[in-house]
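Okay, structure first, notes after.
The values are calculated or read from the model by the stated rules, or taken from the named source; none is laboratory data. What you see is a predicted model, and the numbers here were worked out from it, not measured in a lab. Note that each Cβ is placed from the backbone with ideal geometry, even for glycine, and that neighbours are counted across all protein chains shown. Please note that ligands, DNA and RNA were not included when accessible areas were found on the heavy atoms of the full protein model with its side chains. Shrake-Rupley method; radii C 1.70, N 1.55, O 1.52, S 1.80 Å.
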Amino acid sequence: MSQRLHTEFLGVEVENPWCVASAPPAATGKLMADAFDAGWGAAIMKTVGPVEEPIINVAPRIQTMKKWNREIAMQNIELITDRRLSVWLDELKTLRKRYPQKMIIGSIMAPGHDMDAWAQLIEAMNGVGCDAVELNLGCPHGMPERDMGAVCSQDAEIVYNIVSTAKGASKVPILTKLTPNVTNIKMMAQAAKRGGTDAITVINTVNGIIGVDIYKRKPHLSVNGYTAIGGISGNAVKPMGLKCVAECKQATGLPISATGGITTWSDGVEYLLMGAGQLQVCTEIMIRGFKIVAGLNKGLESYLDQMGYQTIDQAKGELYKNVTTFEYLLEHSSSEKVQVNEETCTGCNLCVVACHDAGYDALKLKEIPDLKRTQGTRKVAEVISINVRGVICASPCVQFLHV
Ligand SMILES: Cc1cc2nc3c(=O)[nH]c(=O)nc-3n(C[C@H](O)[C@H](O)[C@H](O)COP(=O)(O)O)c2cc1C
């Protein structure tokens, strides 16, 4: 195996930055072993809760959304693991023995006001061989009603209490997994940092309803015609994920484990460039299986070749520093002129219509000599507005050249 993807996260050496997220693909020790055998560098067990909390799932609980015949998002209303803590502890010990080189991460959840429960779970995790433990403060459905999951990272004081309790009891580094369903995620990340977290994981799923069956007149994911607000994952949530990675990194400077919408190697590179150090995947594995990791690795390696990088660490970036205020952009906004690329323009008029109907009205068609023919002309778009900054175009056949 190539060493070029070899990296480090929270002091642990891993063969690549890819990590199976805490979710159905890590629902048992056996599945985590399958993931390791397929080539994943790290895996996070499906979240376990206090022993006395009954976990009973509904069915159905998963629904995907497709566009252009490809899944772009998924809603789930699944709870945390329904398997007993003692079973998990045995499986984690076995995994540790069998996979000394892999990064094994525990995942726990307890009520936001029960610090004893948090301490007990952490103590149970101590000594089973995990390299780190993730605190799941992000599950958006089913658990918040029981004072667990997302409600815990919607209140900075609760975040602080949980993290400081966990950190005080843990023998290994702590990752704090936050919900994106807050107005100000920076406050939550800072509270986690004050509590002593070693890293932040963002994002858990985004609150949503995946869609409506317009003929059956009911939500797509429903039980008896009724639905509950669930967690949206998959490629569509990547913009929210990138935003949260940038904000949490800005607010804390801590290592970030990114999760949310990674479906290809280039999604992963975007997160690395934004400032993340680990790349978690869930939905894409649920759709295509563990073997996607081979393609993810191959894609990363060819990217390194293209960019002339020797190692994956050279692909990491600090673009979170480039995420700034609107005022800054306004001050530095250039007065670049925009030109239509006449060579590629087919004169289809789409951009003219789009630009007019979008309210910018900066384009029209003009005739130019058709050089492919000895005589005659062809139509191309031209920029007519003085306010060229306002030109927008969603038409795929037109390229704008900044001159
Ligand atoms: C069906 C399902 C179950 C999940 N269960 C958990 C869980 O038990 N603990 C947790 O921390 N996150 C859970 N998640 C969230 C994922 O770990 C991940 O953060 C999220 O799905 C975003 O990544 P993705 O876009 O690659 O799926 C679950 C997600 C899905 C789709």
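Some observations on this one:
- Inter-site label distance for GLN339 and ARG96 at 7 Å from Cα along Cβ, in nm: 6.5
- Rounded to the nearest 20 debye, the dipole magnitude of the chain is 840 debye, with +1 charges on Lys and Arg beta carbons, -1 on Asp and Glu beta carbons, and the Cα centre as origin.
- Candidates ASN181, ASN224, ASN76, ranked by Gaussian network fluctuation over the chain, Cα under 10 Å, top entry: ASN224
- Note on MET307 and GLU8: their simple-model spin labels are 2.0 nm apart, each label 7 Å out from Cα toward Cβ.
- Which of TYR309, TYR160, TYR271, TYR303 is most accessible, then next, and so on - probe 1.4 Å: TYR160, TYR309, TYR303, TYR271
- Take every Cα pair under 8 Å whose residues are at least 6 apart in sequence, average their separation, divide by the length of the chain, and the relative contact order is 14 percent.
- Surface share of carbon and sulfur [accessible, 1.4 angstrom probe, percent] for the chain: 53
- Net charge contributed by nearby residues that have their C-beta within less than 12 Å of VAL353 (K/R +1, D/E -1): -1
- Among the GluC sites (Glu not before Pro) found in segment 264-338, those both in a DSSP coil and sparsely packed, with 15 or fewer other Cβ atoms within 10 Å of their Cβ, are GLU318, GLU336.
- Gap separating the Cα centres of segment 231-296 and segment 108-171, nearest whole Å: 22
- Loop-located chymotrypsin sites (Phe, Trp or Tyr not before Pro) in segment 1-84 whose Cβ has at most 10 other Cβ within 10 Å (DSSP): TRP68
- Rounded to the nearest 20 debye, the dipole magnitude of segment 203-293 is 280 debye, with +1 charges on Lys and Arg beta carbons, -1 on Asp and Glu beta carbons, and the Cα centre as origin.
- Accessible surface, the chain, averaged per residue in Å² (probe 1.4 Å): 48
- ALA354-VAL323 FRET efficiency (beta carbon distance; Förster radius 25 Å; 0.05 resolution): 0.35
- Across segment 20-178, C-alpha contacts under 8 Å between residues 6 or more apart give a mean separation that, scaled by the residue count, equals a relative contact order of 21 percent.
- For HIS332, the accessible area of its heavy atoms, probed at 1.4 Å with every protein chain present, is near 110 square angstrom.
- In terms of its Cα atoms, the chain spans 82, 54, 41 Å along the principal axes, sorted from long to short.
- Principal axis extents of the Cα atoms in segment 145-213, from largest to smallest and rounded to whole angstrom, are 49, 22, 22.
- Amide proton proximity set for LEU137, modelled H, under 5 Å, gap of 5+: LYS177
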